[in-house]
Amino acid sequence: MKNGKLQIGIIGCGGIANQKHLPALKNQADKCEMAAFCDIEIERAQKAAEEYGTEGAGVYTDYRELLKDPEIDVVHVLTPNVAHSEITVKAFEAGKHVMCEKPMAHNTEAAEKMMDAWKKSGKKFTVGYQNRFRQDTMTLHKACEEGALGDIYFSKAHAVRRRAVPTWGVFPDKSKQGGGPLIDIGTHALDITLWCMDNYKPVSVMGSVFEKLGHLPEATEGNLFGPWDPETYEVEDSAFGYIKMENGATIFLEAAWALNVRESREAATTLCGTKGGAEIIGGMSNSGYELVFNKTSYGKLTEETLSASGSVAFFEGNGGMEPKDLECAQWLDAIINDKEPLVKPEQAFVVTQILDAIYRSSAEGREIKL
């Protein structure tokens, strides 16, 4: 630490850095300083340094040079998915704490390398699943923790867009991202679902991955982000997984950037237990997120939603902070006070393991045993 503050190095200064990490770190100026920036496009690193960096902040195009700086305590890895593993491993070897954007890696083998390097390093490690920090998600998790739903034996992880294919960056590039909507937004829905179930022991996966609409010029009409290029589109447009857990529980995962459905949901979940059920309804077709519990009361089937003022009753000192700010604050606090971050590496690893198995199952036409 320098000046009593953690020194942060940013690797990858593109969209997720500017939309999420840089503003969130700036809001934690009492705990940290952004002292180094790296991007393969030097202009992006320079721009980020000018807007968010300390005076004389380092600017690099090679992440290895940034990692040589002994004053950097923490690294945020914000690159395309395929680069996560190599950079994270090198960061641990250089003695840095690591926040890696979701997903942990583009496949299980790469994630295993990250886990091995982390365990040897003695440093903190977390993955960027900010949707855990939404008010509805935290409330549902608390309810599950207290046993309100009983034994949760069936769930659905929802990450479906009708037409919202990203048309910027490297999203359609399989060589850099490792996949499409499954690895991009399916990862959030699966993380929420596993976290609320507190179940991280998958035993088998069946998957279906489709490349049906991505290459059709007529399918690009109505896309939220404008038409994509069917000629350069390399990833799936939808994917579905059937996951069985060690205790018999079953999860159905649906992920799509483009799917011909009337209503769509994203970063949402449905949980079914022996005492009741719950749904987070939100994303895409919906404005905001709504948490609904269903159960039997007084001999009748009932539904219960949180009132608009429910957040006051559930207030836990977050000061109205956005999920990205809550995520950032607890991550820095975990380092400073030697605590576990909310998103544990072991949990993020299982998410990657399942996503990888869905891709493999579809490609090989068989059930994948884990």
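The values are calculated or read from the model by the stated rules, or taken from the named source; none is laboratory data. As the structure is a computational prediction, the values presented were derived from the model and not from experiment. Note: ideal-geometry Cβ built from the backbone for every residue, glycine included; neighbour counts use all protein chains shown. Keep in mind that these areas ignore ligands, DNA and RNA; they rest on the heavy atoms of the full protein, side chains included. Shrake-Rupley method; radii C 1.70, N 1.55, O 1.52, S 1.80 Å.
Please find, in a Gaussian network model of the chain (springs between Cα atoms separated by less than 10 Å), the residue of Ile87, Ile358, Ile16 whose mean-square fluctuation is greatest.
Comparing Ile87, Ile358, Ile16 in the GNM, the peak value goes to Ile16.
Taking 8 Å as the Cα distance limit and 6 or more residues as the minimum spacing, I'd like the relative contact order of the chain as a percentage.
On the way: 797 pairs, mean separation 69.4, N = 370.
Computed over the chain, the figure is 19 percent.
What Kirkwood radius, in Å to one decimal, follows from the Cα pairs of the chain? Let's see the in-between values first.
Working: mean 1/r = 0.0468 Å⁻¹.
For the chain, the Kirkwood estimate is 21.4 Å.
How many percent of the accessible area of the stretch 1-131 is carbon or sulfur, using a 1.4 Å probe? Walk me through the numbers before you get to the answer.
Details: 2520 of 5560 Å².
Taking all protein chains in place, the stretch 1-131 shows 45 percent carbon and sulfur surface.
Rank Ala17, Val170, Ser204 by how far each Cα sits towards the positive end of the charge dipole of the chain (+1 on Lys, Arg Cβ; -1 on Asp, Glu Cβ) and give me just the farthest.
Among Ala17, Val170, Ser204, the one farthest towards the positive end of the dipole of the chain is Ser204.
If you take all C-alpha pairs in the stretch 1-138, what percent of them are over 27 Å apart?
Details: 1391 of 9453 pairs.
When all Cα pairs of the stretch 1-138 are counted, 15 percent exceed 27 Å.
What does the charge dipole of the chain about its Cα centre add up to, to the nearest 20 debye, if the Cβ of each Lys and Arg holds +1 and the Cβ of each Asp and Glu holds -1?
Working: 40 positive and 54 negative charges, 146 e Å.
In debye, rounded to 20, the chain gives about 700.
Sum up the charges of everything whose Cβ sits under 10 Å from the Cβ of Asn286, counting Lys and Arg as +1 and Asp and Glu as -1, but leave Asn286 out.
Values: positive: Arg265; negative: Glu263, Glu266, Glu290.
That works out to -2.
Calculate what fraction, in whole %, of the accessible area of the stretch 216-370 sits on carbon and sulfur atoms when a 1.4 Å probe is rolled over the protein chains.
With neighbouring chains kept in place, the figure for the stretch 216-370 is 50 percent.
In the Gaussian network model of the chain, springs joining C-alpha atoms below 10 Å, which of Ala48, Ala143, Ala278 carries the largest mean-square fluctuation?
Ala143
With +1 on the Cβ of every Lys and Arg and -1 on the Cβ of every Asp and Glu, and nothing else charged, how large is the dipole of the stretch 78-136 about its Cα centre, in debye rounded to the nearest 20?
Here the size comes out at about 280 debye.
May I ask you to derive the relative contact order of the stretch 63-121, considering only C-alpha pairs under 8 Å and at least 6 residues apart, and to give it as an integer percent?
On the way: 69 pairs, mean separation 21.2, N = 59.
Reported as a whole number, the value is 36 percent.
Treat every Asp and Glu Cβ in the stretch 4-122 as -1 and every Lys and Arg Cβ as +1, leave all other atoms uncharged, and give the resulting dipole magnitude about the Cα centre to the nearest 20 debye. Don't skip to the answer; put the middle values down first.
Details: 14 positive and 19 negative charges, 74 e Å.
That gives the stretch 4-122 a dipole magnitude of about 360 debye.
When only DSSP loop residues count, what chymotrypsin sites (Phe, Trp or Tyr not before Pro) in the stretch 161-211 have their Cβ near at most 12 other Cβ atoms within 10 Å?
Numbers: sites: Trp168, Trp195, Tyr200, Phe210; in loops: Trp168, Tyr200.
When the chymotrypsin sites (Phe, Trp or Tyr not before Pro) of the stretch 161-211 are filtered for loop state and at most 12 Cβ neighbours within 10 Å, Trp168 remain.
Could you tell me the calculated FRET efficiency between Phe210 and Glu65, based on Cβ-Cβ distance and R0 = 45 angstrom, to the nearest 0.05?
Working: r = 42 Å, r/R0 = 0.93.
It comes to 0.60.
Send over a whole-number figure in Å² for the accessible area per residue of the stretch 1-155, probe 1.4 Å.
Details: 6550 Å² over 155 residues.
With all protein chains present, the stretch 1-155 gives 42 Å² per residue.
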